[in-house]
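Written out below as structure tokens is the structure these notes cover.
The values are calculated or read from the model by the stated rules, or taken from the named source; none is laboratory data. Just so we're clear, the structure is a prediction, and the values are computed from it rather than from any experiment. Cβ: placed from backbone, ideal geometry, glycine included. Neighbour counts: every protein chain shown.
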Amino acid sequence: MRTPAAVFWCLLLLFPVQRIVRVDAFTGTYGINYGRIADNIPAPENVVSILKAIKIKNVKIFDSDHGVLKAFKGSGLELVVGLSNDYVKEINSSEDRAMEWVKDNVQSWLPDTKITGIAVGNEVLGGGDLELEEALYGAIKNVYKALSRLQLTDVIQISSPHSQGVFAYSYPPSNCTFKESVLQYMKPILGFFAMIGSPFSINVYPFIAYKSDPEHINLSYALFLPNAGIVDPKTNLHYDNMFDATIDAAYTALEAAGYGKMEVEVTETGWASSGDEDETGATAQNARIYNFNLRKRLFKRKGTPLRPKVVMKAYVFALFNEDLKPGPGSERHYGLFKADGSISYDIGFSGLSNLHTSSSPSTQKEFYAGGWLAPNSLVLFTCIWIAVHLYVRY
Ligand SMILES: *[C@@H]1O[C@H](CO)[C@@H](O)[C@H](O)[C@H]1NC(C)=O
Ligand SMILES: *[C@@H]1O[C@H](CO)[C@@H](O)[C@H](O)[C@H]1NC(C)=O
Ligand SMILES: *[C@@H]1O[C@H](CO)[C@@H](O)[C@H](O)[C@H]1NC(C)=O
């Protein structure tokens, strides 16, 4: 191949021809939710140190707290901010309000604070507030319009995390569809996301499935431990863990709705280390096993049985136990870390007490190992390598 041709094909690989530039808010495979419904967790500046020490680069918050945005300045951490449900109705009703919100909470912080995405609403659909469900699509569109006017659509990706409550589904994955009551609100959003290249975002909790039916769900299957698994009679695919099965259920529902090509990403998954008496399975031992195996699963950069080539990505829930969260006891015990910064259980991360000895990553490469070596970088290196070599030769 002659030099120009080789370089041309390389560049084509690197920048696939698309009507809209697809922006990816999630560059690694293992991210974390930094929930802050607590009055005793470390200050955001210290949280940045923890995240660097445990080498997690992709972070998601549920609001756009300016203290957090400030602490993340210059950290290199990539942040997805949340436009909380409280704002969804007014943002739907007013383009000006959407523009104001995007300017205050996103644009004015760029590029020092590396905001890469906005999660519009959280678990709105199927949640029962019909006015809110109706407003979600308009809010998403208005936020996108604002990003577009500010020329930020190739920097910021919009998503909208859903709960498993959007599915009418018990078993097996191939039997999954969206609930009829959800479809009317879901469809326009899927259509819009397909156009702008956003993924379908789902919060996946095998723990909640297990605790609701411990008699029939095998704990090993929920915890990624060796077990017989299930075979989906329709697809003949074998599932040895509930996490993968749930994601393929989502792919099936998307396909049935006409969006089989849309990528699924997990915006929350986790396991509580403690809970109320009736919350079977909420133990530190199970939480440790789930989170240890999940991390191993994600670092393999593998797809699911139904979509083997689509690398699975997930934001773990959560960084800290959150003492002020309402609901059952488990809600206050999802943290990989306790409020004082010590680890809740050992999955290979060290706690805050070790921070001073390990806060500066030994090499950039190590720090970014989770996500920096993305396929595009590899293609780019290959292109440069080919170009340089051919150039030298001719
Ligand atoms: C959403 O905004 C549109 C346009 O302003 C408005 O007609 C509609 O009533 C709003 N829906 C809700 C549920 O607020
Ligand atoms: C498929 O899911 C429906 C609920 O949507 C359920 O009633 C039915 O039993 C499931 N089919 C199988 C084969 O499990
Ligand atoms: C769960 O699966 C494991 C491994 O296949 C098996 O040893 C165990 O008995 C099963 N537990 C239940 C409750 O069925």
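Which of the residues belonging to segment 232-248 are within 16 Å of ligand 2 (Cβ to nearest atom), polar (S, T, N, Q) and in contact (Cβ under 8 Å) with a residue 12 or more places away in the chain? Step through it out loud before you land on a result.
As a first pass, look at segment 232-248 and keep what is within 16 Å of ligand 2 (Cβ to nearest atom): 232-237, 239, 242, 245-246, 248.
From what is left, the residues that are polar (S, T, N, Q) are 235-236, 246.
The answer is THR235, THR246.
Pairs needed: first member in segment 195-207, modelled with pLDDT under 95 and basic (Lys, Arg); second member anywhere, assigned to a helix (DSSP H, G or I) and surrounded by fewer than 24 Cβ atoms within 10 Å (Cβ to Cβ); C-beta distance under 8 Å; at least 6 residues apart or different chains.
From segment 195-207, no pairs qualify.
Tell me yes or no: at least one residue of segment 288-309 is part of a loop (DSSP other than H, G, I, E, B), of a type outside the set (A, V, I, L, M, F, W, C), over 23 Å from the mean Cα position of the chain (by Cα) and surrounded by fewer than 18 Cβ atoms within 10 Å (Cβ to Cβ). Even if it seems obvious, please write down each step before you answer.
So in segment 288-309, the residues part of a loop (DSSP other than H, G, I, E, B) come out as 300-309.
If we keep only those that are of a type outside the set (A, V, I, L, M, F, W, C) too, we end up with 300-305, 307-309.
If we keep only those that are over 23 Å from the mean Cα position of the chain (by Cα) too, we end up with none.
Taking every residue of segment 288-309 in turn, none turns out to be part of a loop (DSSP other than H, G, I, E, B), of a type outside the set (A, V, I, L, M, F, W, C), over 23 Å from the mean Cα position of the chain (by Cα) and surrounded by fewer than 18 Cβ atoms within 10 Å (Cβ to Cβ).
Cβ contacts < 7 Å: first residue part of a strand (DSSP E or B), restricted to segment 145-162; second residue surrounded by fewer than 23 Cβ atoms within 10 Å (Cβ to Cβ) and modelled with pLDDT under 95, any location; separation 6+ or different chain. Result?
Correct list of pairs: GLN157/VAL23; GLN157/ASP24.
So which residues in segment 188-231 are at negative phi, more than 16 Å from ligand 2 (Cβ to nearest atom) and part of a loop (DSSP other than H, G, I, E, B)?
SER198, PRO199, TYR205, PRO214, GLU215, ASN218, LEU223, LEU225, PRO226, ASN227, ALA228
So, in segment 214-236, exactly how many residues are surrounded by fewer than 20 Cβ atoms within 10 Å (Cβ to Cβ) and within 15 Å of PRO172 (Cβ to Cβ)?
Our first condition is that a residue be surrounded by fewer than 20 Cβ atoms within 10 Å (Cβ to Cβ); within segment 214-236, this holds for 214-220, 225-231, 233-236.
The next check asks that each one be within 15 Å of PRO172 (Cβ to Cβ); those that pass are 216-218, 228-231, 233-236.
Result for segment 214-236: 11.
Looking at TYR185, TYR259, which one is under 30 Å from VAL81 (Cβ atoms), outside any helix (DSSP H, G or I) and out of contact with any strand residue (DSSP E or B) (no Cβ under 6 Å at 6 or more places or on another chain)?
Values: TYR185 fails: outside any helix (DSSP H, G or I).
Only one candidate passes the filter, namely TYR259.
What is the one condition in (1) surrounded by 19 or more Cβ atoms within 10 Å (Cβ to Cβ); (2) closer than 19 Å to ALA146 by Cα that GLU90 does not satisfy?
(1)
Filter segment 18-73 for residues that are buried (at least 21 other Cβ atoms within 10 Å of the Cβ) and among the basic types (Lys, Arg) and give the result.
LYS57, LYS60
Taking only pairs six or more apart or across chains, which ones have beta-carbon atoms under 7 Å, a first residue in segment 100-115 that is more than 11 Å from ALA146 (Cα to Cα), and a second residue that is assigned to a helix (DSSP H, G or I)?
Close Cβ pairs satisfying both conditions: TRP109/LEU69; THR113/LEU69; ILE115/TRP109.
In segment 316-352, what count of residues is obtained for those that are assigned to a strand (DSSP E or B) and more than 15 Å from ALA53 (Cβ to Cβ)?
Applying the first criterion (assigned to a strand (DSSP E or B)) to segment 316-352 yields 316, 320, 337, 343.
Okay, now just the ones that are also more than 15 Å from ALA53 (Cβ to Cβ), so 316.
Within segment 316-352, residues that are assigned to a strand (DSSP E or B) and more than 15 Å from ALA53 (Cβ to Cβ) number 1.
Among the residues of segment 268-287, which ones are in a loop (DSSP other than H, G, I, E, B), crowded, with 20+ Cβ neighbours inside 10 Å and among the hydroxyl-bearing types (Ser, Thr, Tyr)? So that I can check it myself, show each step before the final result.
We begin by selecting, within segment 268-287, every residue in a loop (DSSP other than H, G, I, E, B); these are 270-283.
With crowded, with 20+ Cβ neighbours inside 10 Å added as a condition, the list becomes 270-273, 275, 279, 281-282.
If the condition is that a residue be in a loop (DSSP other than H, G, I, E, B), crowded, with 20+ Cβ neighbours inside 10 Å and among the hydroxyl-bearing types (Ser, Thr, Tyr), then SER273 is the only one that fits.
Which one is farthest from ligand 3 (Cβ to nearest atom), of the residues in segment 209-227 that are in contact (Cβ under 8 Å) with a residue 12 or more places away in the chain and over 21 Å from ARG295 (Cα atoms)?
Filtering segment 209-227 for residues that are in contact (Cβ under 8 Å) with a residue 12 or more places away in the chain and over 21 Å from ARG295 (Cα atoms), the one farthest from ligand 3 (Cβ to nearest atom) comes out as LYS211.
May I ask you to list the residues in segment 162-208 that are surrounded by fewer than 17 Cβ atoms within 10 Å (Cβ to Cβ) and within 16 Å of ligand 3 (Cβ to nearest atom)?
Hit for segment 162-208 is TYR171, nothing else.
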